[in-house]
Structure formats: C-alpha cells, structure tokens
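Okay, so here's the structure we're looking at.
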Amino acid sequence: MRRDLAPVTVDRVELVRVRLPLVTPFRTSFGVQTERDALLVLVAAADAAGWGECVTPATPIYTEEYTDGAAHVLEHVLVPALLGPGGRLRAEDVALRLQGFKGHRMAKAALESAVLDAQLRLAERSLADHLEVTRDRVPAGVSVGIPDGGIPHLIDLVDGYLAAGYVRIKAKVARGADVAPMQALRSRFGAGLHLQVDANAGYDPDARADVAALDALDELGLVQIEQPFAPDRLRAHAEHAARWRTPVCLDESITDAARAVEALAMHACRIVNIKPGRVGGPLEAVRVHDACRDRGIPVWCGGMLETGVGRALNVAIAALPGFELPGDISASDRYFAEDVTEPFVLVDGHVAVPDGPGIGRVPRDDVLRRADRRRIDPR
Ligand code: OSB
Ligand code: MG
C-alpha cells in the first residue's frame with residue numbers, strides 16, 4: 001500500500017459481540033437471517049486503538065467460517081500468535097505471522113483491519129487518504145433477499161429502495177425463485193433498471209433444470225449474474241459464461257488475488273466482487289483490486305450485512321478507482337434500526353467516504369456498555 005505507517009505496540013485484543021436485529025429478514029439460497037450477531041475486534045495499543053469487524057455469518061452457510069468458530073480461533077489461536085512475539089505490529093505483519101494457520105480469512109481480516117485502523121489513528125491519517133482513493137462518495141446499491149411474500153412483496157421492496165435513491169438492485173435468486181420474479185421486476189420497472197442477480201452458488205452446472213433457469217435469466221438484460229455455481233467450479237463458470245451474454249461475477253470463488261488472476265485467465269468471470277473479509281483482509285482486497293485493474297476487469301465491493309465498523313472499511317476501499325460498479329454498500333438503516341457507530345446515510349444515491357482518522361468510525365459508548373466483551377492478554 002501506499003505510504004509506510006509506523007507500527008503500533010499492541011497490549012491486548014478484545015472480542016466484542018453485539019446482536020442487532022435486521023429491519024428486514026434476509027433470505028438467500030441458504031436460508032433466512034433475522035439478526036446480525038456482530039463480532040468486533042478491538043486492538044488496544046499503548047499509543048492507539050483500532051477496530052475491525054469479523055464479517056462471518058452465524059452459521060457456515062456462505063463459506064466454512066461462522067461467528068462462534070471465528071471467535072474461538074481468534075481467542076485461542078490467532079490472537080495469541082499475534083501477541084506472542086511481542087513488540088510492534090504493522091498491518092502487513094498480521095498475514096505473515098498467521099500464514100501457518102489455514103483459512104479463517106474473515107477472522108484474520110478483522111485483526112488486520114483493526115491493526116491498520118490503530119496505525120492510521122496513530123498517524124492521524126484517514127484510511128481513504130492512505131489508500132489514495134479517487135472519490136469522496138460511493139454509489140449505493142442494495143442487495144434484496146428473497147421476500148417471504150413472493151413477487152408482490154419483492155416489487156414493493158424494490159420500489160421502496162428505488163424511492164430512497166439506491167442506484168442498483170441486486171436480487172438474490174434460488175432454485176424456484178429466479179426467472180418469474182426477475183421477469184416481474186423487468187416488467188414493472190423496465191429495461192432501464194440496473195438489475196443483477198446473486199445465486200450464492202445455489203445452482204448445479206450439471207443439472208439441466210438449473211442450467212435452463214440460468215439460460216432464461218440470461219435473456220433478461222441483467223448487468224451481471226453473481227456466483228451461480230459452487231466456489232471451486234471455476235471451469236464450469238467459464239463454460240457457461242462463454243455461452244451467456246450476461247457477464248458472470250464471482251464472489252465466493254475469489255479467496256485471494258492469486259485466485260482472481262486464475263479465474264480471469266480461465267475466463268470464469270468478467271467482473272469481480274471484492275469483500276475484504278472473504279480475501280483475508282484489506283491489504284489483500286487492495287491486491288485483488290490492483291490485479292483486476294491491471295487486466296481491465298471492473299470490480300465492486302460486496303457486503304456481509306456489516307455494522308458501521310465493517311462498512312467504514314468497505315466504503316473507503318470502494319472509493320478506489322477500479323470499483324467501477326456500484327456495490328452492496330447501503331445506508332445503515334437498510335440493515336438496522338440502530339447501527340453500532342454513527343450511521344452511514346444515503347445522500348443522492350451515494351454514501352460519503354469517512355474522512356476522520358483511521359476508518360473514521362468507532363462503536364458508540366452505549367453500544368459498548370451493553371456488548372459482551374472478552375479480553376485477550378498476551379501470555
Ligand atoms: O453473497 O453478497 C453475498 C450477505 C451475507 C453473505 C453473502 C452475501 C450477502 C449479501 C449482503 O448479499 C449484501 C449487503 O451487505 O448489503
Ligand atoms: Mg454474493
């Protein structure tokens with residue numbers, strides 16, 4: 001990244017759990033979610049403190065990671081390994097020191113984000129400045145779950161989001177809830193609606209009915225179809241992508257910059273969804289961005305129903321120049337009645353990039369008072 005930052009001297013790490021009800025239940029091909037059990041990481045240094053969010057869902061539905069598992073590996077493996085050698089830490093050291101431990105990218109990402117935030121606060125520099133972003137606001141898209149009330153409910157939801165100013169609609173699709181609802185959105189809102197779908201790996205490339213549904217979606221002028229097949233089926237994505245007009249975007253498949261380069265070389269996708277948590281941290285997220293930009297591939301920033309802590313990181317990253325498409329970056333009130341930080345708000349279809357030190361947001365004191373906090377000291 002762009003300019004060197006001084007390391008911080010980390011004394012302890014705290015895991016902070018807060019439960020937030022979602023304003024709208026979020027149904028995807030893997031089930032319904034009604035609250036977010038957020039796991040925040042506080043890195044307390046002698047000279048500064050920093051926050052990160054572990055974006056794991058409560059159960060291993062999206063990838064193998066889940067919140068209780070992440071909290072466990074953080075407390076018993078990752079944080080002790082990070083605090084063990086003592087001394088001063090930079091964000092770059094986190095992945096290096098933890099590279100012997102496989103996977104757990106979202107847990108590692110939370111730690112790396114928190115260390116980076118602490119370093120930036122010490123330097124009194126914003127993440128946006130540090131990344132040398134090219135925008136002070138990012139266009140806001142919205143990810144719409146599969147509504148319980150069927151097509152009429154979906155139309156109402158989309159109508160509301162468009163009225164609020166969202167510039168792009170991403171609809172979750174699943175077997176049996178795909179072609180008809182998307183046709184209904186097209187007939188209600190017209191060909192001008194920026195509409196894309198996310199299948200969350202719910203389709204089987206070898207099943208005829210699944211491929212027929214995806215082929216029918218391909219007729220609807222969608223901006224992209226996200227992750228139709230399982231994460232490891234890069235070849236299957238490439239084969240079907242070659243037949244479809246609609247660009248394929250990969251989310252779950254892209255676990256780091258090297259995988260992104262492989263997927264692009266195979267023509268498995270034409271668009272990449274970047275989530276700092278999924279790729280192991282903000283530093284790798286920037287490397288995925290840079291690799292895609294070098295190859296002329298547009299990227300956008302995905303979301304994991306983050307609180308304001310994770311959202312602050314996403315918004316800054318999404319202000320990098322390769323983020324040419326609106327992401328799943330919505331205002332706080334699309335998710336929660338009350339966010340854990342000062343809320344992100346929608347202004348003219350955009351969310352402002354924080355310009356305060358670090359990620360530019362911290363959890364509010366009243367939230368911290370009611371949170372479940374677990375302190376991990378160096379051994
Ligand atoms: O696939 O993008 C996804 C939420 C949880 C897990 C996976 C995904 C999502 C979303 C949410 O689509 C998008 C958002 O945070 O607004
Ligand atoms: Mg997705």
* **Rough spin-label spacing in nm, given labels placed 7 Å along Cα→Cβ, for ASP206 and ASP365** => 6.0 nm
* Can you send over the carbon and sulfur percentage of the accessible area for the range 128-352, probe radius 1.4 Å, protein chains only? => 51 percent
* To do: Can you bin the range 77-167 into rounded, prolate or oblate? Criterion: square roots of the alpha carbon gyration tensor eigenvalues sorted a ≥ b ≥ c, rounded for a/c under 1.5, prolate for a/b above b/c, oblate for the rest.
  => oblate
* Structure fact -> Among chymotrypsin sites (Phe, Trp or Tyr not before Pro) in the range 44-153, those in a DSSP loop whose Cβ has at most 13 other Cβ atoms within 10 Å are PHE101
* To do: Only bridges with both residues in the chain count here: give the DSSP antiparallel percent, nearest 5.
  => 60 percent
* **Debye intensity ratio in log₁₀ form over the Cα atoms of the range 315-379, taken at each q of 0.17, 0.19, 0.26 Å⁻¹** => -0.76, -0.88, -1.24
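Under a 1.4 Å probe, what is the accessible area of the chain per residue, stated in Å²?
Here the residues of the chain average 39 Å² of exposed surface.
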* Which net charge results for the neighbourhood of VAL115, defined as the other residues with beta-carbon distances under 10 angstrom from its beta-carbon, given Lys and Arg at +1 and Asp and Glu at -1? -> -3
* Structure fact -> Checked the chain with the C-alpha gyration tensor, a ≥ b ≥ c its square-rooted eigenvalues, rounded below a/c of 1.5, otherwise prolate if a/b is larger than b/c and oblate if not; verdict prolate
* Asked: If each of HIS76 and ALA164 carries a label point 7 Å out from its Cα toward its Cβ, how far apart are those two points in nm?
  -> 3.9 nm
* Asked: Using mean Cβ contacts within 10 Å as the protection proxy, how do 89-97, 345-353 order, highest first?
  -> 89-97, 345-353
* **Considering only the range 128-352, percent of DSSP beta bridges that pair antiparallel, nearest 5** => 20 percent
* Asked: Add -39500 (n - 2.57) for each DSSP H run of 4 or more in the chain, then divide by its residues: what number comes out at 222 nm, to the nearest 500 deg cm²/dmol?
  -> -10000 deg cm²/dmol
* Asked: Going by a ≥ b ≥ c, the root eigenvalues of the Cα gyration tensor, does the range 128-352 fall in the rounded group (a/c under 1.5), the prolate group (a/b larger than b/c) or the oblate group?
  -> oblate
* Asked: Which ³J(HN,Hα) values, rounded to whole Hz and listed in residue order, are derived for the range 108-121 from phi using the Karplus coefficients 6.51, -1.76 and 1.60 in 6.51 cos²θ - 1.76 cosθ + 1.60 with θ = phi - 60°, glycine and proline given as x?
  -> 5, 4, 4, 5, 4, 4, 5, 5, 4, 4, 5, 4, 5, 5
* Asked: For helix 208-217, what angle does its Cα long axis make with the longest principal axis of the chain, in degrees from 0 to 90 and rounded to 10?
  -> 90 degrees
* For the chain, modelled as a GNM with alpha-carbon contacts under 10 angstrom, which of HIS76, HIS194, HIS130 fluctuates the most? -> HIS76
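Which length gain, in nm to one decimal place, applies between LEU220 and ARG373 when the Cα-Cα distance is subtracted from 0.36 nm times their residue separation?
Between LEU220 and ARG373, full extension yields 50.3 nm more.
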* Which parts of the range 111-125 would a label at ALA6 reach, counting a residue when its backbone N lies under 18 Å from a point 7 Å out along Cα-to-Cβ? -> 115-125
* To do: Would you please state which residues of the range 243-259 a label at HIS267 would reach in this model, taking the label point 7 Å out along Cα→Cβ and a backbone N cut-off of under 17 Å?
  => 243-250
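The values are calculated or read from the model by the stated rules, or taken from the named source; none is laboratory data. All values derive from a computational prediction rather than experimental measurement. All Cβ positions, even for glycine, are placed from backbone atoms using ideal geometry, and neighbour counts span all protein chains on display. SASA here: full protein model, heavy atoms, side chains in, ligands and nucleic acids out. Shrake-Rupley method; radii C 1.70, N 1.55, O 1.52, S 1.80 Å.
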